[in-house]
Amino acid sequence: MDQWQKEDSKICLHSEENSEEYFGAITPPIYQTSLFSFRDWDKFLEGITSEREHFVYTRGVNPTTKILEDKLALLERGEKCKCFSSGMAAISATIFTLVKKGDHILFANNIYGPALSYAKVLEKFGVEYSSVFIEDSVELKAHIKKNTKLIYIESPSTMNFDILDLSKVSEIAKSRNILTAIDNTCATPIYQKPITQGIDIVLHSCTKYIAGHSDTLGGAVISSYKIIDEIFEIGHQFGGAVMGPIDAWLTIRGLRTLRQRLEYQRSSVEKIINMLKNNPKVNKINHPLLFEGNKKKIYEKQTTGYTSLLSVEIDFQNYDELRSFMNAFKVFKLGVSWGGFESLVTSPNYDSKENLRDLEGRHISSNLIRIYIGLEDTECLLEDLENAFETLNK
Ligand code: PLP
């Protein structure tokens, strides 16, 4: 693990960049071009007939984006990576590429909502799916069907912070010839490397911690050469959801400070959790720092740190209390997403019948508040949270 830290630091800062190629510039150029020209017809033919390996058109491969892809493949200890215009683009291109009519996808526990909605859309093409909630990875066996092609998980998940034993999931799937994919956005490639635990495919929303500054969108999929080449040819080339060179450059810049940002946020989230633990209005805190027993053992086996996203179940008596609580924040902003510099709060409860039914189906409490601890001074965040809790005493 210590060795990982050294290697990761080099990957985030220097690997796959060659300043000699660009006049000693310490950061790589943004190759802001739609196409690449050739002086020689044979070279053009070589490029156009194997676009995956050549710079021909930015909808295929671009030199700035390739630097990011190579870094992410190294960070995840995978063979190859392909980047996309968003995390959702990476997810949909991966699923679209890997399943066909008659296949079944097994989603376990709480995964990012739109990924599940995407699977629902695929039903019209004859793809089946089921979404199950399990405590122990062994329970997966009971939900596998004859036609299960892909097991898709998110661990930790970003609402309830469920985890699964990655090597167990991989073992169960491999013995039945089933592919495994994980959304690793929450743990980041710094703290969790699922491929080293036997998982086949790793997905990221680079929009979150990796880019880290809430100024760009991006997604990535990392796997073997074979799987990524297939995703390139189908999901990437036909979907066309390309990561732009500027976005790739911003993400490369974000990666340089990923480790240091995470370390600061880790110390902040510890203090915030300590405060929340002592608050009588908090019924439950969902965060890996508070895992106990077997859950803690599994987490420590496969994850080397924890990030600054958490959720809490608060003793709201009614929706008005939730509303007043959310309106009290002055430092935390109300907003979707997470992973940037700014601290955020949100609630999945929009107070409509349909929404509440959906939350129940996804095992998410209507009193849940999701908190993202950004890079602000921790004391300011503590004061802001305490101030919001004051509204519940009025
Ligand atoms: N995965 C997780 C866990 C997410 O939280 C999100 C976005 O919120 C995504 C994937 C999708 O990423 P993007 O917003 O970059 O499309």
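For segment 233-242, a tally of residues being open to solvent by 30 Å² or more (accessible area, probe 1.4 Å) and within 22 Å of LEU74 (Cα to Cα) returns 2. I'd like the full set of residues that are outside any helix (DSSP H, G or I), open to solvent by less than 40 Å² (accessible area, probe 1.4 Å) and either away from the ligand (no atom under 14 Å from the Cβ) or without any contact (Cβ under 8 Å) to a residue 40 or more places away in the chain (or both), limited to segment 71-87. GLU76, GLY78, CYS81, LYS82 - these are the residues of segment 71-87 that are outside any helix (DSSP H, G or I), open to solvent by less than 40 Å² (accessible area, probe 1.4 Å) and either away from the ligand (no atom under 14 Å from the Cβ) or without any contact (Cβ under 8 Å) to a residue 40 or more places away in the chain (or both).
So, in segment 328-357, of the ones that are among the acidic types (Asp, Glu) and without any contact (Cβ under 8 Å) to a residue 60 or more places away in the chain, which residue ends up least open to solvent (accessible area, probe 1.4 Å)?
Only one residue tops the list, namely ASP351.
Taken together, the residues in segment 319-358 that are under 12 Å from ASP384 (Cβ atoms) and among the polar types (S, T, N, Q) amount to 1.
Helices (runs of 4 or more DSSP H) fully within segment 97-212 that include at least 3 residues being farther than 21 Å from SER311 by Cβ and within 16 Å of the ligand (Cβ to nearest atom): 113-122. Of all residues in segment 187-207, those that are among the hydroxyl-bearing types (Ser, Thr, Tyr) have Cβ atoms under 6 Å from Cβ atoms of residues that are open to solvent by 20 Å² or more (accessible area, probe 1.4 Å), 6 or more apart or on another chain, in TYR191/THR304; THR196/ARG77; THR207/LEU217.
Among the residues of segment 218-232, is there at least one that is open to solvent by 50 Å² or more (accessible area, probe 1.4 Å), modelled with pLDDT of 95 or more, in a helix (DSSP H, G or I) and among the acidic types (Asp, Glu)? Yes, some residue in segment 218-232 is open to solvent by 50 Å² or more (accessible area, probe 1.4 Å), modelled with pLDDT of 95 or more, in a helix (DSSP H, G or I) and among the acidic types (Asp, Glu).
State which residue is modelled with the highest pLDDT when the search covers only segment 132-149 and only residues that are touching a helix residue (DSSP H, G or I) at 6+ places or on another chain (Cβ under 6 Å) and surrounded by 18 or more Cβ atoms within 10 Å (Cβ to Cβ). So, considering only residues that are touching a helix residue (DSSP H, G or I) at 6+ places or on another chain (Cβ under 6 Å) and surrounded by 18 or more Cβ atoms within 10 Å (Cβ to Cβ), the one modelled with the highest pLDDT is LEU140. ILE272 - would you say it is touching a residue at least 24 places away in the same chain (Cβ under 8 Å), assigned to a helix (DSSP H, G or I) and surrounded by fewer than 16 Cβ atoms within 10 Å (Cβ to Cβ)? Criteria not met by ILE272.
The values are calculated or read from the model by the stated rules, or taken from the named source; none is laboratory data. Everything quoted here is computed from the prediction, not taken from an experiment. Please note: Cβ atoms are built from the backbone with ideal geometry, for glycine as well, and neighbour counts cover all protein chains shown. Please note that ligands, DNA and RNA were not included when accessible areas were found on the heavy atoms of the full protein model with its side chains. Shrake-Rupley method; radii C 1.70, N 1.55, O 1.52, S 1.80 Å.
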